Amino acid sequence: MNQIRGRFQKDAAETVINYTSSLPFDWRLYHFDIRGSIVHARMLAKQNLISTSEAQALEEGLKKVEVEISEGRFVLKPELEDIHMAIEQRLGEMVGVVAGKLHTARSRNDQVALDTRLFTRDAIRQIQTDIRKLQFSLIKQATTNINTLLPGYTHLQPAQPVLLAHHLLAYFEMFERDYARFEDAYQRADVMPLGSGALAGAAYDLDREFVANELEFAHISQNSLDAVSDRDFVIEYLSCASQCMMHISRLAEELVLWSSAEFAFVEMDDSYATPSSIMPQKKNPDVAELGRGKTGRIYGHLMGMLTAMKGLPLSYNRDLQEDKEALFDAHDTLSASLNVFSEMLLTLSFKPQNMARALAQGFILATDVADYLVKKGLSFREAHAITGRLVTKTISKSKTLESLTLAEYQEFSPLFGDDILQISAIRSVASKDVLGGTAYQQVTKQLEKAHKIIS
């Protein structure tokens, strides 16, 4: 199809073409652009704006263009600016002048808004599938390690004993919130903008409901100015992705710590670690470190998009072209991170014996001693103070709480009886038999619930 020269009498400078072209990245929208165009052509025929035969020719031509692109035979020409013009130009070469009718009652403004929403909806569903895969890996390891105890930490200091399964299921809960956030974001992306034209709507008798139904949109945009300039759904996707990557980063940080010689709670599988280029003894947790590092990359996309949008007047502005690289890269990065962490988790070798040694450090049963006194009638503040003094004295003797005699306990309170000598990490965990607690019975229930969620 020959380009029809209108207002402009000069071609764009080569530097302008290179600067403004979005083809290097927005070609990824081709499937959605063609899908939307086919439905648009059908609607135009339904409303007698083009003939049925013209709509059929457009649909057949668009499908051929899609095959060319998917098979890598499509030549992207930078001077055509974006994937929308590239498809229209190739369509004209295939079906002739009728291709020019496809743009009836449509602007590239509402066209790209449609394509981006279609992409975002699919991206959300893909990420939700990836999240479920990671949650499955967490459940698998939690089930395998249901009887393994380790220190729970606050301020990175040993605090109280917990089940490893309980610890892993904490991440299940984080990713479940991510899943729900993406589900909520889907509702905002699920709005059909086509028919908004460049900014004011279309001067044709359109059936927007038909287009929405064909493209399986739950809602139709209510304001044309907003519809062509709204990128809230992209920002919301990036926000959800940022929070999900933050959770990946927290998990990564613990794996980095736990795989260090100082902790030695876990060993990374060789296939998910790397050697040092100079130190032959090293096994570096590079996959986890990269997950931690890539989090900042997605944060950057979110801040970049918020900044691009903050000063835009209504309605469409070319600044909005900046949404796609951020959206595409954030999606690719998040999906890759979720998948590699899902695989890596299944290969982890936990070290219960090292966790058990760590339980013997840091007076991790001190809270249980205080709780013991509370159950004997003391206020918690009194019990807390007595236990603090007991710990101080025990440290001075280079002993542990478990090694103290009854007489040593009774130096601090006559409420201590023989049963204080039975305190242990196992009993400590068992005592937290409250909804959400780390007791075996509670964690088992949470595992059952988690299985149901992902099934």
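The values are calculated or read from the model by the stated rules, or taken from the named source; none is laboratory data. Please read all numbers here as calculations on a predicted model, not as lab measurements. Counting neighbours? That spans all protein chains shown, and the Cβs are built from the backbone with ideal geometry, glycine included. What goes into the accessible areas is simple: the full protein's heavy atoms, side chains included, and nothing from ligands, DNA or RNA. Shrake-Rupley method; radii C 1.70, N 1.55, O 1.52, S 1.80 Å.
Key figures for this structure:
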item: GluC sites (Glu not before Pro) within region 52-141, DSSP loop, no more than 13 other Cβ atoms inside 10 Å; result: GLU71
item: Rounded accessible area per residue of region 369-435, 1.4 Å, Å²; result: 60 Å²
item: Nonlocal amide H pairs with VAL162, under 5 Å, H built at 1.01 Å; result: LEU150, GLY152
item: Long-range amide H partners of GLY437 with built H, under 5 Å; result: none
item: Restricting region 99-158 to trypsin sites (Lys or Arg not before Pro) in coil, as DSSP defines it, with at most 13 other Cβ within 10 Å; result: none
item: Estimated 222 nm signal from helices in the chain, with DSSP H stretches of n ≥ 4 weighted -39500 (n - 2.57), rounded to 500; result: -20000 deg cm²/dmol
item: Rounded percent of accessible protein surface that carbon and sulfur make up, region 338-455, 1.4 Å probe; result: 57 percent
item: Carbon + sulfur, % of accessible area of region 191-297 - ligands and nucleic acids excluded, 1.4 Å; result: 51 percent
item: Of LYS282/LYS399; LYS63/LYS101; LYS140/LYS399; LYS294/LYS324; LYS282/LYS445, those spanning more than 28 Å from alpha-carbon to alpha-carbon; result: LYS282/LYS399; LYS140/LYS399; LYS282/LYS445
item: Calculated FRET value between LYS283 and SER455, using beta carbons and R₀ = 45 Å, to 0.05; result: 0.80
item: Phi to ³J(HN,Hα) by Karplus 6.51 cos²θ - 1.76 cosθ + 1.60 over region 148-155, Hz, x for Gly, Pro; result: 8, 9, 8, x, x, 10, 10, 6
item: Full-extension gain in nm, LEU314 to ARG250, via 0.36 nm per residue minus C-alpha separation; result: 19.1 nm
item: Alpha carbon centroid spacing (whole Å) that separates region 311-375 from region 288-307; result: 14 Å
item: In region 192-244, the GluC sites (Glu not before Pro) that fall in loop regions by DSSP, at most 14 other Cβ within 10 Å; result: GLU216
item: Accessible surface, per residue, of region 252-360 when the full set of protein chains is kept, probe 1.4 Å, Å²; result: 49 Å²
item: Estimated vicinal HN-Hα couplings, Hz - region 290-301 in sequence order (Karplus 6.51, -1.76, 1.60; Gly, Pro = x); result: 5, x, 5, x, 5, 4, x, 5, 6, 4, x, 4
item: Accessible area (Å², per residue) of region 128-177, counting only protein heavy atoms and a probe of 1.4 Å; result: 40 Å²
item: For MET192, distant residues with modelled amide H under 5 Å away; result: HIS219, ILE220, SER221
item: ³J(HN,Hα) computed for each position of region 15-30 - Karplus, 6.51 cos²θ - 1.76 cosθ + 1.60, integer Hz, glycine/proline x; result: 5, 5, 4, 5, 6, 9, 5, 10, 4, x, 10, 7, 4, 5, 8, 4
